[in-house]
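This report refers to the structure that appears directly beneath it.
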Amino acid sequence: MSILFINGSPNKNGNTAALAAELLKDHKYETLNLTDYTIGAYGQNLPGDGLDAVIGAMKQADTIVIGSPLYWHNICGSVRNVLDRFYGKVEDGELSGRKLYFVFQGAAPEKWMLEAGEYTMKRFAGLYGMTYGGMATNKNEAAKLTKTI
């Protein structure tokens, strides 16, 4: 089983990566830091666009963990750009057979913020054929969820 952690945080070794490490404890995984790629907003055509590389890595993985810090009450921009850009580029169900987990953390998130983020990830997983495994927002949740990986 191959596991890919997609880190949306600009801090490669920050709280998002630490929460993912807790979730993936005792599992071997690869990390893809979105800050290493040029991925513009939907509709942009930037030189050196890295979205195809991200999609390629996702297609190679059996399990995908997407991590985002909570910025401005929502999923961070780098992760949002990836989700938005899937539209029209990846066919419905194209990631079928994979499991998707979400790590989402912030200093003081409110319940509705976490619910909105999880709703987005559940919909994203379903649209592209992945099984949604769940969301971890703290170490206790990550420790429980790791048993399902």
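The values are calculated or read from the model by the stated rules, or taken from the named source; none is laboratory data. Everything numeric here is computed off the predicted structure, so don't read it as measured data. Heads up, the Cβs are rebuilt from the backbone with ideal geometry, glycines too, and the neighbour counts pull from every protein chain shown.
For the range 23-34, what are the residues that are surrounded by fewer than 18 Cβ atoms within 10 Å (Cβ to Cβ), touching a residue at least 40 places away in the same chain (Cβ under 8 Å) and in contact with a strand residue (DSSP E or B) (Cβ under 8 Å, 6 or more places away or on another chain)?
Selection gives His27 alone.
Can we say Asp49 is in contact with a strand residue (DSSP E or B) (Cβ under 8 Å, 6 or more places away or on another chain), among the acidic types (Asp, Glu) and closer than 16 Å to Gly133 by Cβ?
Values: in contact with a strand residue (DSSP E or B) (Cβ under 8 Å, 6 or more places away or on another chain): yes; among the acidic types (Asp, Glu): yes; closer than 16 Å to Gly133 by Cβ: no.
In short, no.
Filter the helices (runs of 4 or more DSSP H) completely within the range 1-87 down to those with at least 1 residues that are modelled with pLDDT of 95 or more and over 17 Å from Thr120 (Cβ atoms).
Details: elements: 15-23, 51-60, 77-86.
Answer list for the range 1-87: 15-23, 51-60.
So, in the range 110-139, exactly how many residues are assigned to a helix (DSSP H, G or I) and not charged (D, E, K, R)?
Just the residues of the range 110-139 that are assigned to a helix (DSSP H, G or I), to begin with: 111-127, 139.
Next, from what is left, pick out any that are not charged (D, E, K, R): 112-114, 116-117, 119-121, 124-127.
So the answer is 12.
Being exposed (fewer than 13 other Cβ atoms within 10 Å of the Cβ) and either on the phi > 0 side of the Ramachandran plot or among the aromatic types (Phe, Trp, Tyr) (or both) is the filter here, so list the residues in the range 35-61 that pass it.
Those that are exposed (fewer than 13 other Cβ atoms within 10 Å of the Cβ) and either on the phi > 0 side of the Ramachandran plot or among the aromatic types (Phe, Trp, Tyr) (or both): Gly43, Gly48.
Conditions (1) under 18 Å from Gly129 (Cα atoms); (2) small (Gly, Ala, Ser); (3) surrounded by 18 or more Cβ atoms within 10 Å (Cβ to Cβ), marked per residue:
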position: Thr16; (1), (2), (3): no, no, yes
position: Cys76; (1), (2), (3): no, no, yes
position: Asp92; (1), (2), (3): yes, no, no
position: Gly97; (1), (2), (3): yes, yes, no
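Looking at Ala142, Ala107 in this structure, which one is outside any loop (DSSP other than H, G, I, E, B) and more than 13 Å from the chain's Cα centre (by Cα)? Give the derivation first.
Details: Ala107 fails: outside any loop (DSSP other than H, G, I, E, B).
Ala142 is the lone residue from the list that is outside any loop (DSSP other than H, G, I, E, B) and more than 13 Å from the chain's Cα centre (by Cα).
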